[in-house]
Amino acid sequence: MSPAAATLARAHALYQGGRYREALALLAPSLAGERASGQVLALAANAAIKLHDYERAIGCVAALLERSPGEARLRATLATLHNNRGGRRREQERPAEALSDFDRALELAPDHAQAHFNRALALLDLGRDPEAVLVLQRHLQLAPGDPAARVRLARACWRQDGAEAVSQLAHVRDPEYLEPALAVADELGRHGEPQASAAYAALAPLAAAGQRSPGLRATLGQALSLPSILPSASAVEQVRDAWRAGLARLEADWTPQFLRSCEPRLSQLAWSNFLLAYQGRDDLPLQSRFAALIGRAVEAFRPQWREPPAVPARRTARIGLLSSFWRECTVGAYFGGWIDWLADAGYEVFVYQLGPLRDATTDRLAAVAARFHFHHGDLESLVERLREDALDLLVLPELGMDPRLTPIAALRSARRQLVAWGHPVTTGFETFDGYMSCADMEPGDAAAHYCERLRTLPGLGVGYRLPELPPPTGRSDLGLPEGPLVLLPHSMFKLHPDLDPVMAELALRVPAVRYVLFEGELPQWRARFEARLGAAFTAAGAGEPALVWLARTDRSRYLAINRACDLMLDPPHFSGGNTAIDALACALPVVTSPGRFMRGRQSMAMLRRIGLDGELCAHTTAGIAGLATGVLETDGYRHELARSIGERAIELFDAEAVRARFLDLIAECLSA
């Protein structure tokens, strides 16, 4: 036997004994030669495959294929090896290299279904979603029963094509995919897309009427989904009537017997009526009915948590603050200072941040707290944590933005509970001992708008920090034209149809006016808004709306845009909060009118506080255009307003009176 044959025989024996690494090491000198034999290449390839050494295996199989290019089995094996190496590279966060592997796999085996699926994942990693959609569609032609691909395709395309997402969800039949499939429907629902209700309905077979968590949420979504961009002012009541009808069906269906058949998980009830508050109507009756429905389910799921936990007598009160927004955002900027105030006052402060997001603001507040808990798990363990911590008082800065807090709001997780106006509408829940709001922003009949006991604070009610302003920037550098510019920086779902005729009237009065807006979260929002606004302009004989659309940007550039515009227009029914504060800090005049509810009176209260409500606050929505015309048409008046705002805006940030009243309110609640 020749030395080469002896080496091959020993390597083969090692391979048969499962000693793959030793076999490969023994073959290494032969592989390094100019032309290894086919037997050496084949054995080395098999050993490398056993070791998941894809680099070595690919080299060996590629050399074999070079010698026998027509060998289909070799092509299939090499394709699978490239697919497997690509998968590893994706796990290592090397998507571009992974993509090249998947491309090579498909060159070798065009019908390799798994390679198509993995190639789509790599494209998604690289942000090339439209290409990924096409690849997933090809994969599903080869593997139509793949539920993972159906869900991935729905997730990849829902932003551009909600109907296609619904179609894909309807093909998912494996109960193991309920949660990721429901997450796609939740995105459609959260963004107020018209296909949301159909998406939830498509998941009804998987949801199994709530017997499998979180399937009950699909029932909520099918009945209670709302549009983000209202189609017209006349459609508001139609939308609300449909919502009432959906709520009535749930009230009839969610009997105690039915609820006892459901899996008792709080995630089943993670739902928010966030968009309801933007319709400009009284939400107390609807919110109260919804809260009662959630309370009925919680009573069936976790009756023991409907009563507060035992709290021992202690010298220092323990106060918890729970949110997913203890980070750099509006809620964090508004209410983060409360944590500082409570800690400085000597309370034992527990901060709970719902994940998955956290940032430098989170870390700063965590350092202030006596105890910080970052929670990114199931809601049951969060409630258990709250109850174990035996809080004297639990404060929620908002309820209505994060749906996970809804079932928690139906519980008593502390001896006393307060909620604040981070989402300024009554919660409907009777589990809170008070609703904290701003006295200056509330109308005279405010108490009638809440099921909770209204407790008010002066000023802005928070210790908002004066933003650091960037230097003035030329309009051309900001992508802005010359001429009168009216800023509408608000989220597009805030732009109620009642604002459309105001914008048209202002365009008739000031023909050169241009409206500066920011792109919405979804591209189709802009198209819907433009169609609705165009109809209002046509009805008023105002021609085509002159709109300047800007991409979302960082805070410094955003403030520079404020400084470069002439006026900010406040939307009716849900006025600017953070946007109004930033505008006034930039000395930008804000024209508004007081709404019926607190959420439509925030900008008015700010203007009143700095003594400019007479100049910039119209009595009615219809009067906004007249005030705005006066500001835009008279340079001297506009500059004088800007000077006055610049001198007085600092008063908005004086929080000493707020701090004192806030601490008094906390003490009152603790002693009750």
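Data table
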| quantity | calculated |
| --- | --- |
| Residue 438 long-range amide H proximity, modeled H, under 5 Å | 457 |
| Gain in span if fully extended, residue 368 to residue 596, counting 0.36 nm per residue against the direct Cα distance | 78.3 nm |
| Solvent-accessible heavy-atom area per residue, rounded to whole Å², over the chain at 1.4 Å | 40 |
| Shape category assigned to region 534-651 from the gyration tensor of Cα positions, a/c cut at 1.5 | rounded |
| Region 239-365 - Rg over Rh from alpha carbon coordinates, Kirkwood radius | 1.05 |
| Anisotropy class of region 437-493 from Cα gyration tensor, a/c 1.5 cut | prolate |
| Probe 1.4 Å - accessible area at residue 525, Å² to nearest ten | 10 |
| For residue 94, solvent-accessible area (1.4 Å; no DNA, RNA or ligand), Å² | 80 |
| Two-site FRET efficiency, residue 360 against residue 32, from Cβ-Cβ distance with R₀ of 60 Å, rounded to 0.05 | 0.70 |
| Carbon plus sulfur fraction of accessible area for region 235-391, probe 1.4 Å, in percent | 50 |
| Alpha carbon centroid spacing (whole Å) that separates region 643-672 from region 1-63 | 77 |
| Ordering of 365-373, 423-431 by burial proxy (mean other Cβ atoms within 10 Å per residue, highest first) | 423-431, 365-373 |
| Per-peptide average of other Cβ atoms within 10 Å, ordering 568-577, 179-188, 629-638 highest first | 568-577, 179-188, 629-638 |
| Charge dipole (region 376-521, unit charges on Cβ, about Cα centre) - positive-most of 466, 495, 394 | 466 |
| Overall form of region 61-173 per C-alpha gyration tensor (a/c, 1.5; a/b vs b/c) | prolate |
| FRET E, pair residue 255, residue 137, Förster distance 41 Å, beta-carbon r, rounded to 0.05 | 0.45 |
| Of (1) 19; (2) 33; (3) 29, the label for percent of Cα pairs over 48 Å apart derived from the coordinates | (3) |
| Per-pair calculated FRET efficiency, R0 = 60 Å: residue 555 and residue 73 via Cβ, rounded to 0.05 | 0.50 |
| Percent carbon-and-sulfur accessible area, region 517-652, ignoring ligands, DNA and RNA, probe 1.4 Å | 50 |
| Added length on full extension, which subtracts the Cα-Cα distance from 0.36 nm per residue, residue 672 to residue 344 | 115.9 nm |
| Inter-probe distance in nm under a simple model that places probes 7 Å from Cα toward Cβ, at residue 465 and residue 232 | 4.8 |
| Mean residue ellipticity (222 nm) of the chain, computed from DSSP H runs ≥ 4 via -39,500 (n - 2.57), nearest 500 | -16000 deg cm²/dmol |
| Accessible-area composition of region 38-113, carbon plus sulfur, in percent [1.4 Å probe] | 47 |
| Per residue, the convex hull volume that the Cα atoms of region 351-480 enclose (Å³) | 175 |
| Cβ-defined net charge surrounding residue 264, 15 Å radius [Lys, Arg +1; Asp, Glu -1] | +2 |
| Cα centroid separation, region 187-246 to region 472-501 (Å) | 31 |
| For peptides 444-451, 10-17, 459-466, sequence by mean Cβ density within 10 Å, most packed first | 459-466, 10-17, 444-451 |
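The values are calculated or read from the model by the stated rules, or taken from the named source; none is laboratory data. Given the structure is predicted, the values throughout are model-derived calculations rather than measurements. When we count neighbours, we look across all protein chains shown, and the Cβ atoms used for this are built from the backbone with ideal geometry, even at glycine. Heavy atoms of the whole protein, side chains included, go into the accessibility calculation; ligands, DNA and RNA do not. Shrake-Rupley method; radii C 1.70, N 1.55, O 1.52, S 1.80 Å.
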